[in-house]
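No lab work stands behind these numbers, since they all come straight from the coordinates. The structure displayed is predicted, hence computed values, not measured ones. In this analysis, Cβ positions are derived from the backbone assuming ideal geometry, glycine residues included, and neighbour counts consider all displayed protein chains.
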Amino acid sequence: MIVLDASVIIDAIIKPRRKSWQITGKQLKRHRRAKTLMELLITSKIPIYIPRIALIEVAALTKRKIGLVSSEILEFISQHFNILKEDSIWDIAMETAKETGCRAVDSYYIATAKKTNSTLITADKIMAENAKNINITVILIK
């Protein structure tokens with residue numbers, strides 16, 4: 001079982017676009033890795049979990065990156081991912097925040113991984129370190 005961070009979801013769904021004068025090779029590699037990973041997880045029917053707040057993060061990130069919030073992206077996530085409501089992970093998220101001092105939103109992803117006994121996949125180094133510190137298995141996509 002897997003928990004995907006919003007950074008990985010966005011990297012998989014949205015190809016980096018030229019903002020100012022260049023797209024780095026690192027951005028394109030991360031996009032390809034994330035896209036391949038998500039396709040593999042979905043086609044293999046490996047359960048993917050996210051906290052419900054991930055939908056808000058994805059909406060905000062798509063607005064910032066492509067200028068609009070795609071209801072198709074949110075619908076795709078809702079169809080293919082298992083979404084945990086805050087009340088089902090709140091106590092674990094609070095415990096995680098107290099124990100690690102992590103960012104509030106990160107505590108929800110870490111709590112989701114803990115509750116579902118899943119591996120957390122993220123592109124966020126800080127989240128990965130905090131999760132590892134409380135014995136969550138983490139894959140950091142670079």
Whole-Hz Karplus ³J(HN,Hα) for segment 33-38, in order, using 6.51 cos²θ - 1.76 cosθ + 1.60 and θ = phi - 60°, x for Gly and Pro? 4, 5, 5, 4, 4, 5
Under 5 Å between amide H atoms, partner at least 5 residues away or on a different chain: which partners does Asn82 have, H built in plane at 1.01 Å? Ile48, Tyr49, Ile50
Quick one: which residues, 5+ away or cross-chain, put their amide H under 5 Å from the amide H of Thr137? H built at 1.01 Å from N. Leu120
Which of the chymotrypsin sites (Phe, Trp or Tyr not before Pro) found in segment 1-107 are in a DSSP loop and have at most 16 neighbouring Cβ atoms, other than their own, within 10 Å? Trp21
Residues other than Asp5 with Cβ under 10 Å of its Cβ, Lys/Arg counted +1 and Asp/Glu -1, net out at -4
If the reach is capped at under 17 angstrom between alpha carbons, list the aspartates and glutamates near Lys26, excluding any in the same chain fewer than eight residues apart. Asp11, Asp124
Karplus couplings for segment 109-117 from phi (6.51 cos²θ - 1.76 cosθ + 1.60, θ = phi - 60°), rounded to Hz, Gly and Pro as x? 5, 5, 5, 4, 5, 5, 5, 9, 6
Go through Lys65/Lys132; Lys65/Lys125; Lys15/Lys35; Lys85/Lys114 and tell me which ones have a Cα-Cα distance over 19 Å in this structure. Lys65/Lys132; Lys65/Lys125
